[in-house]
Amino acid sequence: MGGPWSGAAVQIKICGVTSIADAEAAVTAGADLLGIIFAPASRRCVTVETGQQIVTAVRGRCRTVAVFQDAPVSTVNAVATAIGCDFIQLHGRETPAAAGELVRPVIRAVVVTAETTAVDVLTWATAGNVAHLLFDRPKGVVDPSWVVALGSLWAAAHRTVVGQQSFLAGGLTSDNVCELIQQWRPFGVDVASGVESAPGHKDAACMRRFCRAVRTCDGG
């Protein structure tokens, strides 16, 4: 599956980065994108000042993604402009219309449940200003039921250009990421807790193992 950044290489997004030190370690490990969370309910939420420092530290070496959940458009645009990120990720009940009002291209998170429909996915996959979809499992779900629901949704999304550039998230680790890449052939993978020593604290060795597993799997 092709993309605008590279040929066959699977894009690696390390999300929930909370410090410059962790950002630098992620870039050194091989991350292509860093997610910086601005959702107050998240244990990985950072201040605008910290987000700006992280973006400045890695600019030119790694793309950055500001992650929001149900924040007003004005707030999202203000933060994205202040920190200078490359993408905005929406992870709540935002509307496609709101995505069109944002100042950066959008990565739309699709939390896969039995109630999620192909129409829901296609609405986002064809919305203006949406560059990528990110398929994620519901919080706290560890059984494989969400993967069953993912199948038809993934197929529906991939009938669109945006769908062909989708990320896969949800419980990824260096131990399982290769199997999932081989199964789903995503444009990119997204990891947070799978490379942490504690919530919000990245483990440099874990990040290296994860990135090495992805590159070994995709032949990079």
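The values are calculated or read from the model by the stated rules, or taken from the named source; none is laboratory data. The structure displayed is predicted, hence computed values, not measured ones. Counting neighbours? That spans all protein chains shown, and the Cβs are built from the backbone with ideal geometry, glycine included.
What is the number of the single condition among (1) part of a strand (DSSP E or B); (2) over 17 Å from the mean Cα position of the chain (by Cα) that residue 216 does not meet? So the condition that residue 216 fails would be (1). Of all the residues in region 129-184, those that are touching an Asp or Glu at 6+ places or on another chain (Cβ under 7 Å) and over 21 Å from residue 15 (Cα atoms) number 0.
Among the residues of region 139-171, those that are over 22 Å from residue 125 (Cβ atoms) and either in a helix (DSSP H, G or I) or not basic (Lys, Arg) (or both) comprise 140, 141, 142, 143, 144, 145, 171. The residue list 107, 88, 54 contains one member that is surrounded by 21 or more Cβ atoms within 10 Å (Cβ to Cβ) and assigned to a helix (DSSP H, G or I), which is 54. Residues of region 44-54 that are farther than 22 Å from residue 210 by Cα and either in contact (Cβ under 8 Å) with a residue 24 or more places away in the chain or aliphatic (A, V, I, L, M) (or both): 46, 48, 50, 51, 52, 53.
Among the residues making up region 57-84, those that are assigned to a helix (DSSP H, G or I) and touching a residue at least 24 places away in the same chain (Cβ under 8 Å) are 57, 58, 73, 76, 77, 79, 80, 82, 83.
On the given criteria, is residue 213 over 24 Å from residue 54 (Cα atoms) and modelled with pLDDT of 95 or more? So residue 213 passes the test. Considering region 184-205, the residues that are surrounded by fewer than 20 Cβ atoms within 10 Å (Cβ to Cβ) and touching a strand residue (DSSP E or B) at 6+ places or on another chain (Cβ under 9 Å) include one that is farthest from residue 65 (Cα to Cα), namely 184.
Scanning region 111-138 for residues that are within 17 Å of residue 189 (Cα to Cα) and in a loop (DSSP other than H, G, I, E, B), we see that the one that is nearest to the chain's Cα centre (by Cα) is 137.
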